[in-house]
Amino acid sequence: MGKTENLRLTLACWDYDRTRAIMENRVQFDGIDLTYLNLIVEETFFRQMRHHEFEVSEISFSSYLVSMFHPDPPLIGIPVFPSRSFRHSGIYLNADAGIREPKDLIGKRIGCAEYQLTANVWIRGILNDEYGVTPSSFTTVIGGLEETGRVEKAALSLPAEITIERIGPTQTLSAMLESGEIDALFSPRAPSSFSRGTGKVRRLFENTHAAEREYFERTRIFPIMHLVAIRRDVYEKHRWVAQALYKGFIEAQRMAYEDLHQTAALKVMLPWLIQHLADTEKLMGKDFWPYGYQPNVEAITRLLRYHHEQGLSKRQLKAEEIFAPETLESYRI
């Protein structure tokens, strides 16, 4: 009998500690030979949403949800979350805009590189839930953060009460924030006008760690930004790949967890890594970055509600309908 050939797939994903074992071929996937393309997230998302270039990819959670409403949805997700982040730190202000607390955002002009970015969905949802700042209470200004010509990766049809403006062909949001042409900015990336430290741009929540810790202690929500998705034509032809990929990502994450606990020689360039890890585990548990469906139902359901409330989903999806069904449960021995 001849040797059985593995299925050859290409994964587009950034270089994370939790996926590095995959990139270095230290994880074996059942029946799969995986080529890892180490691409920054903006490139991966643009190429996958526009051209569906990769059999498997990291993808913006929000973009994935938008794609589910296409007549022929191109992707199907698995409950692997390579990117999670608290987003109180992603609200930037012009220092002279007169904004001292969240409610002062009402009536302002607020930049967003893209309306449907997952980080922006979380920020708007948190501002609405926690502070009564609704998405329709300010003007959203869309455009490139640092470069001109950026457009939404996914076509949107937003409710009439959402006011959208688009910046000019030579403008960038970072420069407009610094000059005061916009009052605030929601962004997962720090704008260069903030990073330069001139004092003209500051954060709304100056003690972001305290704000984000308090949010988690109260809600137990660790916001999810990205998931892993399989191109649907590949999944429909080889349904088993969903579980094979899920198992491999779990193994790579297990290795990353182990690396964080090494004390003989620190593998991460944080001087007080061990104390930071102990503090994190005390607050969030040993599995503080959980994969899988069940541990994440509450966070996912909240994002699905925000997505619908902000006009990005035609109906509020249910958590169980957005993943390959093979990954919703596991065998027991």
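The values are calculated or read from the model by the stated rules, or taken from the named source; none is laboratory data. Nothing here was measured: the structure is a model prediction, and the numbers come from that model. For the accessible areas, the whole protein counts, side chains as well, though only heavy atoms, and no ligand, DNA or RNA atoms are used. Shrake-Rupley method; radii C 1.70, N 1.55, O 1.52, S 1.80 Å.
Report, to the nearest 10°, how far helix 241-260 tilts away from the longest principal axis of the Cα atoms in the chain, using its own Cα long axis and a range of 0 to 90°. With both axes taken from Cα atoms, the answer is about 70 degrees. The orientation-averaged projection of the convex hull spanning the C-alpha atoms of the stretch 145-192 amounts to 4.1 square nanometres. Ranked from largest to smallest solvent-accessible area, with a 1.4 Å probe on the protein heavy atoms, Trp240, Trp272, Trp289, Trp122 come out as Trp272, Trp240, Trp289, Trp122. Here the average projected area of the convex hull drawn through the C-alpha atoms of the stretch 1-73 stands at 6.5 nm². From the alpha carbon centroid of the stretch 1-61 to that of the stretch 86-156 is 31 Å.
Over all projection directions, the Cα-based convex hull of the stretch 212-333 averages an area of 10.5 nm². Find how many whole Å separate the alpha carbon centroid of the stretch 257-333 from the alpha carbon centroid of the stretch 189-256. The stretch 189-256 and the stretch 257-333 have Cα centres separated by 8 Å. For the stretch 119-252, the relative contact order comes to 18 percent (Cα pairs under 8 Å, sequence separation of at least 6).
Which of the following values of semi-axes √(5λ) of the Cα gyration tensor in Å was calculated from the structure shown: (1) 34, 24, 19; (2) 31, 27, 17; (3) 27, 25, 20? Here semi-axes √(5λ) of the Cα gyration tensor in Å agrees with entry (1). A Cα-only calculation for the stretch 1-159 places Rg and Dmax at 19.3, 75 Å. Along its three principal directions, the equivalent ellipsoid of the stretch 175-274 from the Cα gyration tensor extends over semi-axes of 36, 24, 15 Å, largest first. Coordinate range of the alpha-carbon atoms in the stretch 111-236 per principal axis, descending: 51, 40, 31 Å. Against the chain, whose longest principal axis is taken from its Cα atoms, helix 208-219 shows a tilt of about 60°. Can you give me the angle between helix 118-131 and the longest principal axis of the chain, using Cα atoms only, in degrees from 0 to 90, rounded to the nearest 10? The angle comes out at about 60 degrees. Straight Cα distances below 12 angstrom link Lys282 to the aspartates and glutamates Glu217, with same-chain residues fewer than 8 positions distant left out.
Grab the eigenvalues of the alpha-carbon gyration tensor for the stretch 112-169, scale each by 5, take roots, and send me the semi-axes largest first in whole angstrom.
Working: eigenvalues 86, 30, 23 Å².
In descending order, the three semi-axes are 21, 12, 11 Å.
A convex hull fitted around the alpha carbon atoms of the stretch 1-43 yields 69 Å³ per residue.
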